[in-house]
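Following: one structure in structure tokens, then a few remarks.
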Amino acid sequence: MSEIVQSEPFVMNIGPQHPSTHGVFRVKATVDGERVIDAEMVIGYLHRSMEKLAEERTYTQNIPFTDRTDYLSSMSNNLGYCLAVEKLAGIEVPPRGQAIRVIMAELQRLASHCMGAGAFANDTGAWQTPIMWFMREREKILDIFEMTSGARLTCNYMRIGGVAFELPEGFEEEVRALIGPLRQTIADGEGLLSGNEIFLARARNVAVIPPDMAVNASLSGPMLRGSGVAWDIRKADPYCGYEQYDFDIPIGYQGDAYDRFIVRLEEMRQSLRIVEQALDGLPGGPHSTEVPLALRPPAGEAYARIESPRGELGYYLVSDEGPSPHRFHIRPPSLINLSVLKEMTVGGSIADAIVALGSIDIVVGEIDR
Amino acid sequence: MPRVFARDFTNGWDVLHEYGHIAILVIIALIFPAGAIVQSWAFKFVNIRPEVPSDPVKEDTYECGMVTRGSALTQFNFRFYYVALLFLLFDVEIVFLFPWAVVFEDAGLVGLGKIAIFVGTFVVGGLYAWRKRALEYA
Amino acid sequence: MDNLATDHWYDFRDLANLSRVILEGIDKVAPYELAYIVAPIIGFVAAFVIFVLPSQLFVGVYGERRIIGRIQSRRGPNRVGPFGLLQPVADALKLLQKEALTPKVADRTLMWAAPVFFVAPAVLLFAVIPFGPRMVFADVPAGLIFFIAVSGLPVLAAFIAGWSSNNKYSLYGAMRIVAMSVSYEVPLVLMLLCVVVFTNTMSLPGIVWFQKDVDLWLIFMQPLAFVVYFIAVSAELNRTPTDIAEAESEIVAGYLTEYSGMKWGLFYGMDIGYALAASAFAATIFLGGWSMWGLEQWVPPWVIFIAKTHLFYMVFIWTRGTLPRLRIDQLMGFAWKFLLPLAVVNLFLVSLERLWWSESDLGGGIVFVIAAINVPVSAVAVYLWARFLGYKPERVPTRPRLAREAGGYVPLEEPVIGGGK
Amino acid sequence: MTRWWTGEELGEAAERLVPGSVSHTTETACVLKAEHALEALRALRDDPDTNFQHLSNLCGVDQWDRFEVVYHLQSLERNQMACAKVEAHDRENASVASVVDIWQGAWIQESETYDLFGIEFEGHPNLQRILLWDGYPGHPLRKDFLAMPGGLQPGLNEFAGTSAKPEPPVRPVT
């Protein structure tokens, strides 16, 4: 009957100022009643043209830019960029620097997934409770970042050739004190949501991405793993000595929003395992190699990628032997994960569209750059 | 048997007497929120409430930060009509059931049977609606 | 009523004594009409100043925020006054001072009238609720019908609010709230009909007396009705598992999107008022009202009643703090496909039990037999009907699979079914 | 460990699959001829040896005399990665074939490249500016688009051999 009798199609803006777009981002949804019949994303509200600006600054000066792309995981962004420069210039990082980088990147993944899982629960309507629990733990991680780098959100801690400073006094105790409560919080969040019938009804079989489509659409990170594709750059292409750590890749079953959520929770557990191992085997020695401030890498190009909390974060640098990169390109995982939004939302209801959007775990700073 | 009413309505107390109380309460109930709104409005004369001059952006409807285009008062989805019809069907039925519920004991098993037939017709109607997928909203 | 309270005015176990003394005094010096008009004002003052407003402010606003704060492991309001107790007062003052915007394209008259129409029924709802043995504002014989009828009115006001705002999100909120309350009205009223069949009265004091006389609360005799009432009423009240009409993550604030200042404050405050009224109604119908197996002789019955109301309200707060929100089609399907058939079945079950009661010679003890029958029968009925509708107690894996090595798609050993019902 | 293909390796594979498709190879990348690029990339995706099913990254590079569109291809099953490039020599009407038919994930990156470089992607289903607004003058990531009004930061960089016409700084104010 609804095929015959249709109401007027109705353009409904979800965003840019909307409680669940996680930033200034807009979905222009055409709806018929409660059903979304077309969805178009509009981005660019936060565009700062970092790629252009970076072409006029030195390699070291560009590190703070990377903080501000994905502001929820600045450590990972620093790391990806520094890896790209090191690959371009052929710089080796001492083992201690690598271990510190691993600890920081994994703590950052924990902090980011705390936010992602909590915000997703918020989008399904679990009114603030899970996000508050996760934010409580995230605050502790940010405290550790603050004592290490002096900043909570945009840390700017990684340097080309290592990290900026030596770890502070009492760092290891702080991190070890964090692990137990965080495990408990993950278990709490899982207990509150994973088996909850309402949560299952909202997240299961919603926004399904089959694995072949996930690969074809260049998805990465939890979006790809949620579809059952075992792909983690830490395993596939280890950097910073990830091959020494023992961890597993969590993969989902059918690629729905629920799978992405449980994959994120399990990734947090695995990250805790890595942090523990890295703390146990923290080597001595220098934390960084000496790198000239006005670095002039040889002409060439390098693409380095890491497994950021949102997926494959790649930096593509082209050098023309100048002090600043000839081309500085970020491969933003959020943006490419977002490109399947239409496939995920069309045909579902408005509420499903919100859940689909929440399950991508976007950061608009990274999408627009 | 339990007693039926807290108060004996046959003994001088009229039911309308009680509804009269409710009528007075209706007036109070309307004054109460209207007073709050009027008070809030009147605060601007004693400079407690700010009164910023209006501009087009402020008086626009909220559209997530975009400029609103078109009216929101459009035709809504047809499904809604089904729900309204079903509600009418069942609510009218229930209105007829309430008198029976009060005289239930006098009606006895025979009354129950009659009511079962009555409800049965609506159950058939409901099943038909279910079959026709009228119960699926959105 | 004999053993409950004396008739002395100072017997605060029954505040009706005091009001009777006052009214008799007025009646001696003034015409009867004045006493008649003064009586509801006393009732209003007693019900609202003593019970509803304090409950609403300090349990509904302050308590809710504190308890949800506790659930969310944060503190909640703790700055204004001792323990933050004056926070609701501060909120109310702030709302009074705020400028209330009205969009240009909105229907001004209706938009301003909607909060008034929204609040007025909330006041009326308390008129028929018995706070104590004689403490009822208006003891109408069809109090239950009155309650149902009046509690249907705020939906209309909410719809007016949403429609007159001329905003897309408001329109969605308005349509959703009407669709949902219309759907949940049917099982709700059918279940209350079961209660009427069982107790044979539509007067709320009568229902409380019934429960007192048989020494058993209706929640045990009518567990299914209680569950359905809870679900339906939380749907009608927009409490969290079902707050789709103002789902902030989907349609911003639903029908309240364009409201601000005191207009919004009335909506917000009376949402709590309705929740309180629904809790009071549930305490009356299902939890024995002011009766407590003889305890009401020692403790003032209205204290028992308030305690029960707040107990029920705590469940609302609890669900609000923990549960995610359902989707509208799931909610509507749940009402029509799940609750309504159960209500019809329950109606006939109750009718037969009631007939058996009037025929048999077991006396008052039969209610315990009925309770012993109804509780398992309800559980089985819910289970069977859920199975019939295709719900399987599922084994959805709550942990993802783990892979040791990266290397492309890992096929499923067996398809995972279930969930998303 | 991911096997990173050198340009020669990819060139051999592309030449084997689609003869005559390789223009030249560098140390890291294989430059495909524009007219065969689509065919070659599709073949690289479908061939079981190359199996580049995942388009990791797509971006443009302005090399002053030409635009390069860089494709980072990877295979998840075989865990290998390679870099292919397609060049567009016409600065004014730069155009390459769109690979959206091959990799769905390319569409948003191609849109972005179009937006910031002005490279047309033929066959793209919905090619429009995504980060900047319609009517924005110029394409910011081109080297002749100056980010700073008045030119470069002093002493930092000299764009040796620039062919850029010093146009007035483009700073639209909205």
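The values are calculated or read from the model by the stated rules, or taken from the named source; none is laboratory data. Quantities reported herein were computed from a predicted structural model and do not represent experimental measurements. Backbone-built Cβ (ideal geometry, glycine too); neighbour counts: all protein chains shown.
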Does the stretch C:216-249 hold any residues that are outside any helix (DSSP H, G or I), closer than 26 Å to A:S20 by Cβ and within 13 Å of another protein chain (Cβ to nearest Cβ), and which are they? C:N238, C:R239, C:D243, C:A247
Scanning the stretch B:30-66 for residues that are of a type in the set (D, E, K, R) and loosely packed, with under 12 Cβ neighbours inside 10 Å, the one farthest from the other protein chains (Cβ to nearest Cβ) turns out to be B:D55
Within the stretch D:119-141, residues assigned to a loop (DSSP other than H, G, I, E, B) and away from every other protein chain (no Cβ under 12 Å) come out as D:I119, D:G123, D:H124, D:L127, D:G135, D:P137
Just name the residue that is surrounded by the fewest Cβ atoms within 10 Å (Cβ to Cβ) out of those in the stretch A:119-147 that are more than 19 Å from A:Q184 (Cα to Cα) and among the polar types (S, T, N, Q). A:N122
Got at least one residue in the stretch B:106-114 being facing another protein chain (nearest Cβ under 7 Å) and surrounded by 15 or more Cβ atoms within 10 Å (Cβ to Cβ)? yes
May I ask you to list the residues in the stretch A:206-215 that are more than 15 Å from A:G311 (Cα to Cα) and either in contact with a strand residue (DSSP E or B) (Cβ under 7 Å, 6 or more places away or on another chain) or surrounded by fewer than 24 Cβ atoms within 10 Å (Cβ to Cβ) (or both)? A:V208, A:P210, A:P211, A:D212, A:M213
Got a sec? Which of A:V215, A:V206 is β-branched (V, I, T), in a loop (DSSP other than H, G, I, E, B) and either over 30 Å from A:E166 (Cβ atoms) or more than 12 Å from chain D (Cβ to nearest Cβ) (or both)? A:V206
Against the definition (under 20 Å from A:L335 (Cβ atoms) and within 14 Å of chain C (Cβ to nearest Cβ)), how does D:Q80 come out, yes or no? no
Residue under question is C:V315, and the condition is that it be β-branched (V, I, T), over 30 Å from C:E246 (Cβ atoms), surrounded by fewer than 23 Cβ atoms within 10 Å (Cβ to Cβ) and at pLDDT 85 or above; does it hold? no
Which of the helices (runs of 4 or more DSSP H) contained wholly in the stretch D:1-118 include at least 3 residues that are under 21 Å from D:H139 (Cβ atoms)? D:106-117
Which members of the stretch A:318-343 meet the condition of being β-branched (V, I, T) and under 28 Å from D:Q63 (Cα atoms)? A:V318, A:I330, A:I336
State whether the residues of the stretch D:20-30 include one that is surrounded by fewer than 21 Cβ atoms within 10 Å (Cβ to Cβ) and under 22 Å from D:G123 (Cβ atoms). yes
Just one of the numbered conditions (1) surrounded by fewer than 17 Cβ atoms within 10 Å (Cβ to Cβ); (2) of a type outside the set (F, W, Y); (3) over 30 Å from B:G111 (Cβ atoms) is not true of C:R327; which one? (1)
In the stretch B:2-34, anything within 19 Å of C:F146 (Cβ to Cβ) and at pLDDT below 60 is listed as B:V4, B:F5, B:A6, B:R7, B:F9, B:W13
Show me the strands (runs of 3 or more DSSP E) entirely contained within the stretch A:1-109 in which 2 or more residues are surrounded by fewer than 19 Cβ atoms within 10 Å (Cβ to Cβ) and either among the aromatic types (F, W, Y) or free of Cβ contacts under 8 Å to residues at least 60 places away in the same chain (or both). A:26-32
Only unsatisfied item for D:D144, checking (1) within 11 Å of chain A (Cβ to nearest Cβ); (2) of a type in the set (D, E); (3) more than 11 Å from the chain's Cα centre (by Cα), is (1)
Just wondering, is there one or more residues in the stretch D:99-115 that are touching a Lys or Arg at 6+ places or on another chain (Cβ under 6 Å), in contact (Cβ under 8 Å) with a residue 24 or more places away in the chain and more than 23 Å from D:G11 (Cβ to Cβ)? yes
Of all residues making up the stretch C:104-146, the number that are closer than 21 Å to C:S170 by Cβ, in contact with a Ser or Thr (Cβ under 8 Å, 6 or more places away or on another chain) and of a type in the set (D, E, K, R): 2
Scope the stretch A:165-203; condition assigned to a loop (DSSP other than H, G, I, E, B) and either within 11 Å of chain C (Cβ to nearest Cβ) or in contact with an Asp or Glu (Cβ under 7 Å, 6 or more places away or on another chain) (or both); matching residues: A:G195, A:N196
Please verify whether C:E99 is of a type in the set (D, E) and facing chain B (nearest Cβ under 9 Å), treating the condition exactly as stated. yes
Confirm whether C:F210 is part of a helix (DSSP H, G or I), surrounded by fewer than 23 Cβ atoms within 10 Å (Cβ to Cβ) and not basic (K, R). no
Closer than 21 Å to A:V340 by Cα, more than 16 Å from the chain's Cα centre (by Cα) and in contact (Cβ under 8 Å) with a residue 12 or more places away in the chain: which single residue out of D:L132, D:L55, D:L73, D:L127 fits that description? D:L132
Condition check for A:P298: modelled with pLDDT of 85 or more, in a loop (DSSP other than H, G, I, E, B) and more than 9 Å from chain C (Cβ to nearest Cβ): yes
Restricting attention to the stretch B:117-138, and to residues there that are of a type in the set (A, V, I, L, M) and surrounded by 14 or more Cβ atoms within 10 Å (Cβ to Cβ), which single residue is nearest to the chain's Cα centre (by Cα)? B:L135
Determine whether the stretch C:158-178 contains at least one residue that is under 21 Å from the mean Cα position of the chain (by Cα), among the basic types (K, R) and within 11 Å of another protein chain (Cβ to nearest Cβ). yes
The listed residue being crowded, with 24+ Cβ neighbours inside 10 Å and within 17 Å of the chain's Cα centre (by Cα), out of C:Y184, C:Y268: C:Y184
Does C:A92 satisfy the condition of being farther than 27 Å from C:S181 by Cα and part of a helix (DSSP H, G or I)? yes
Would you check if there is a residue in the stretch A:279-290 being among the charged types (D, E, K, R), under 28 Å from A:T58 (Cβ atoms), more than 22 Å from the chain's Cα centre (by Cα) and surrounded by 23 or more Cβ atoms within 10 Å (Cβ to Cβ)? no
Answer residue from the stretch A:227-264, given it is outside any loop (DSSP other than H, G, I, E, B) and more than 18 Å from the chain's Cα centre (by Cα) and is farthest from the other protein chains (Cβ to nearest Cβ) among those: A:Q244
Looking at A:M147 and the list (1) within 25 Å of A:D361 (Cα to Cα); (2) free of Cβ contacts under 8 Å to residues at least 60 places away in the same chain; (3) more than 20 Å from the chain's Cα centre (by Cα), which single condition is not satisfied? (1)
